[in-house]
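Peer 1: Pasting a structure here, questions to come.
Each value in this text was obtained by applying a stated rule to the coordinates, not by laboratory testing. Quick caveat: nothing in here was measured; it's all calculated off a predicted structure. Neighbour counts run over all protein chains shown; Cβ positions are idealised from the backbone, glycine included.
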Amino acid sequence: MHKKITIIIGSLRRGSYARKIALNVLDMFPEDFEVKIIEIRNLPLYNFDYDDPLETDFPIPKEYTEFRNTIKSSDGILFVTPENNRTIPACLKNVVDICSKPNHDVAWKNKPNAIISHSVGKMGGYSSQKNLRLALSYFDMPTVQQPEVFLGNSPTYFDKNGTLSAVRTKKFLQDYINRFSQLVKK
Ligand SMILES: Cc1cc2nc3c(=O)[nH]c(=O)nc-3n(C[C@H](O)[C@H](O)[C@H](O)COP(=O)(O)O)c2cc1C
């Protein structure tokens, strides 16, 4: 059964390890899954005036509409994110907010999801992942509960071409993607 997965990366940085992780897991999904990274850098900062029917001179940005439509048409969302100051990066929170409105048409609603957090430090973005789960808890999103994927010391997993060369981490991620794929199929 053909399924569409959208990957959201919580970093805008060119050399982002989150992006490297995302690029490496693209191929871990079943063959009949269509998996794409969606870019978030051009989304205007969330302002409720865009969604407020009383504010008639704030048309909804076309970037919001396109982004919300992509999320709505996805069968599952994979977040890959670092941690900024013990929470999720602002670019990712912006996306959480954008897709949380309008109330009658919430793009996140019931959408299966999975989260990979990472850090160049040892804690693997623990706090970032917990904060993301907290923010998403409002939308009834089925989530891969276990294992939780916190990738510490993330720069050590890759060879110089950005390929995931750490064998145990690769297997761990493959198992996680299998579980997520199963959740999406259900
Ligand atoms: C503004 C800022 C805040 C950060 N805060 C944290 C933090 O709270 N915890 C952590 O483990 N790493 C923190 N870091 C380090 C990031 O883990 C590191 O920069 C990482 O490479 C960012 O992810 P990326 O490679 O996907 O861009 C922070 C980095 C920046 C730039």
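Peer 1: Name the pairs: first residue in segment 69-94 and closer than 13 Å to Leu132 by Cα, second residue more than 8 Å from the ligand (Cβ to nearest atom) and small (Gly, Ala, Ser), Cβ to Cβ under 7 Å, at least 6 apart or on different chains?
Peer 2: Within 7 Å, the pairs are Leu78/Ala114; Val80/Ala22; Thr81/Ser117; Glu83/Ser117.
Peer 1: Sticking with this structure for a sec: Sort out which residues of segment 126-156 are within 12 Å of the ligand (Cβ to nearest atom) and in contact with a strand residue (DSSP E or B) (Cβ under 6 Å, 6 or more places away or on another chain), and write them in order of number.
Peer 2: Tyr126, Ser128, Gln129, Asn131, Phe150, Leu151, Ser154
Peer 1: For segment 99-116: of the residues being within 18 Å of Ser181 (Cα to Cα) and not charged (D, E, K, R), which is farthest from the chain's Cα centre (by Cα)?
Peer 2: In this case the residue turns out to be Asn110.
Peer 1: Report every pair of residues separated by at least 6 positions or lying on different chains whose Cβ atoms are under 9 Å apart, first residue within segment 98-124 and away from the ligand (no atom under 16 Å from the Cβ), second in a loop (DSSP other than H, G, I, E, B) and aromatic (Phe, Trp, Tyr).
Peer 2: Ile98/Tyr46; Cys99/Trp108; Ser100/Tyr46; Ser100/Trp108; Lys101/Tyr46
Peer 1: Now for a different question. For segment 1-22, what are the residues that are away from the ligand (no atom under 14 Å from the Cβ) and either acidic (Asp, Glu) or not in a strand (DSSP E or B) (or both)?
Peer 2: Met1, His2
Peer 1: Would you tally the residues in segment 24-42 being surrounded by fewer than 17 Cβ atoms within 10 Å (Cβ to Cβ) and not acidic (Asp, Glu)?
Peer 2: 7
Peer 1: How many residues, within segment 70-97, are more than 9 Å from the ligand (Cβ to nearest atom) and among the acidic types (Asp, Glu)?
Peer 2: Of the residues in segment 70-97, 2 are more than 9 Å from the ligand (Cβ to nearest atom) and among the acidic types (Asp, Glu).
Peer 1: Can you tell me which condition Val25 does not meet? The list is (1) part of a loop (DSSP other than H, G, I, E, B); (2) touching a helix residue (DSSP H, G or I) at 6+ places or on another chain (Cβ under 9 Å), and all the others hold.
Peer 2: Just one mismatch for Val25, condition (1).
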